[in-house]
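Below is one structure, written out as structure tokens, with a few remarks after it.
The values are calculated or read from the model by the stated rules, or taken from the named source; none is laboratory data. On a predicted model such as this, the values are computed, not experimentally measured, just so you know. We place every Cβ from the backbone using ideal geometry, glycine too, and count neighbours over all the protein chains shown. Heads up: the accessible areas ignore ligands, DNA and RNA and are worked out on the full protein's heavy atoms, side chains in. Shrake-Rupley method; radii C 1.70, N 1.55, O 1.52, S 1.80 Å.
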Amino acid sequence: MNYRCPLCRQPLLAQAGGLACARGHRFDRARQGYVNLLPVQRKNSRRPGDNQAMVRARRAFLAAGHYDELMTSLARQIDTHAGTACNLLDVGCGEGSYTARLHRHRPELLVHGIDISKPAIALAARLDPQAHFAVASSFDLPFFDHVFDLVINIYAPAPAEELRRVLTKDGVLLVVRPGPDHLLGLKELIYEQVRRHPEAAPELTGFRLEQRLRVQREHVLEDRQAIADLLRMTPFYWHLDHQRQQRVLALERLHTPIDFAIDRYRPLS
Ligand SMILES: C[S@@+](CC[C@H](N)C(=O)[O-])C[C@H]1O[C@@H](n2cnc3c(N)ncnc32)[C@H](O)[C@@H]1O
Ligand SMILES: [Zn+2]
């Protein structure tokens with residue numbers, strides 16, 4: 001499958017050291033194997049997306065297996081919906097733990113992942129060298145229309161219109177969102193007033209919701225490193241004052257529900 005040039009929308013073809021389109025726009029391949037398809041003029045900050053510290057914390061936390069049930073439930077959904085010659089795209093794939101896990105589960109799939117964060121994509125590309133990773137924005141996906149049978153989107157911003165554009169007409173979109181009780185134990189420690197996430201799956205323009213599946217359990221974190229990783233991989237940490245950060249970082253144990261929703265959508269014809 002070809003990428004589409006983010007500047008002129010012509011196909012991008014392999015060239016020594018990277019990719020190029022017929023109009024001469026060139027995109028180098030990094031030594032980790034990914035391509036950077038985010039044009040400088042489209043960056044809204046110098047280092048968009050999650051920073052190195054967040055990305056590393058998320059990698060450590062996910063690699064320790066704390067969200068394994070979610071990975072297993074997603075793998076089951078993929079088994080139900082992916083044929084053998086299936087193209088999968090992970091939009092906002094972060095450091096690639098989920099992408100790589102699903103690819104390991106179904107190695108025959110052609111797997112792509114994009115994220116706007118360069119440090120995230122660099123880690124993802126190292127974790128799964130057989131998958132295709134690119135730095136790109138979910139608001140302007142560097143792919144042609146209707147090329148992916150399965151699109152997954154886990155906790156990352158992405159406009160419905162773009163997701164629908166790249167999905168085949170009978171494809172499946174899986175969106176993972178926090179359920180109402182997700183990380184309540186942590187939120188209660190850091191917010192005066194805790195807000196729960198909505199019970200119902202949101203509507204997505206151009207899609208029909210087929211199913212909301214919940215993955216829920218009480219979780220106990222019993223080491224400081226895991227608690228610190230969890231805090232640092234969420235936006236909470238970056239909005240907290242120093243005192244509250246320290247309060248959580250000093251905990252020896254954290255009890256909290258984890259609660260994910262896997263929302264399955266089909267494109268409307
Ligand atoms: C909470 S993380 C989730 C990462 C991964 N899906 C996971 O669950 O481990 C959100 C991700 O969205 C990415 N992101 C934010 N804005 C984006 C955009 N416009 N296009 C693509 N990715 C974006 C961030 O860099 C970050 O990696
Ligand atoms: Zn071009």
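What are the residues in the range 101-157 that are within 12 Å of ligand 1 (Cβ to nearest atom) and open to solvent by 60 Å² or more (accessible area, probe 1.4 Å), if any?
101, 118, 127, 139, 155, 157
Report the residue count in the range 187-208 for those that are in contact (Cβ under 8 Å) with a residue 24 or more places away in the chain, outside any loop (DSSP other than H, G, I, E, B) and over 20 Å from the mean Cα position of the chain (by Cα).
Of the residues in the range 187-208, 4 are in contact (Cβ under 8 Å) with a residue 24 or more places away in the chain, outside any loop (DSSP other than H, G, I, E, B) and over 20 Å from the mean Cα position of the chain (by Cα).
Does the range 82-95 hold any residues that are in contact with a strand residue (DSSP E or B) (Cβ under 6 Å, 6 or more places away or on another chain) and either in a loop (DSSP other than H, G, I, E, B) or surrounded by fewer than 16 Cβ atoms within 10 Å (Cβ to Cβ) (or both), and which are they?
82, 86, 92, 93, 94
Being assigned to a loop (DSSP other than H, G, I, E, B) and either within 16 Å of ligand 2 (Cβ to nearest atom) or in contact (Cβ under 8 Å) with a residue 60 or more places away in the chain (or both) is the filter here, so list the residues in the range 153-186 that pass it. Spell out how you get there, then give the answer.
To start, the set of residues in the range 153-186 that are assigned to a loop (DSSP other than H, G, I, E, B) comprises 155-159, 179-183.
Result: 155, 156, 157, 158, 179, 180, 181, 182, 183.
Would you tally the residues in the range 217-269 being of a type in the set (Ser, Thr, Tyr) and modelled with pLDDT under 95?
If we filter the range 217-269 for residues that are of a type in the set (Ser, Thr, Tyr), which is where we start, we get 234, 237, 256, 265, 269.
When the remaining residues are screened for being modelled with pLDDT under 95, the result is 234, 237, 269.
Here the count works out to 3.
When residues of the range 29-55 are filtered for being free of Cβ contacts under 8 Å to residues at least 60 places away in the same chain and more than 21 Å from residue 157 (Cβ to Cβ), how many remain? Steps first, please.
Of the range 29-55, the ones free of Cβ contacts under 8 Å to residues at least 60 places away in the same chain are 29, 31, 39-41, 43-46.
When the remaining residues are screened for being more than 21 Å from residue 157 (Cβ to Cβ), the result is 29, 31.
So the count comes out to 2.
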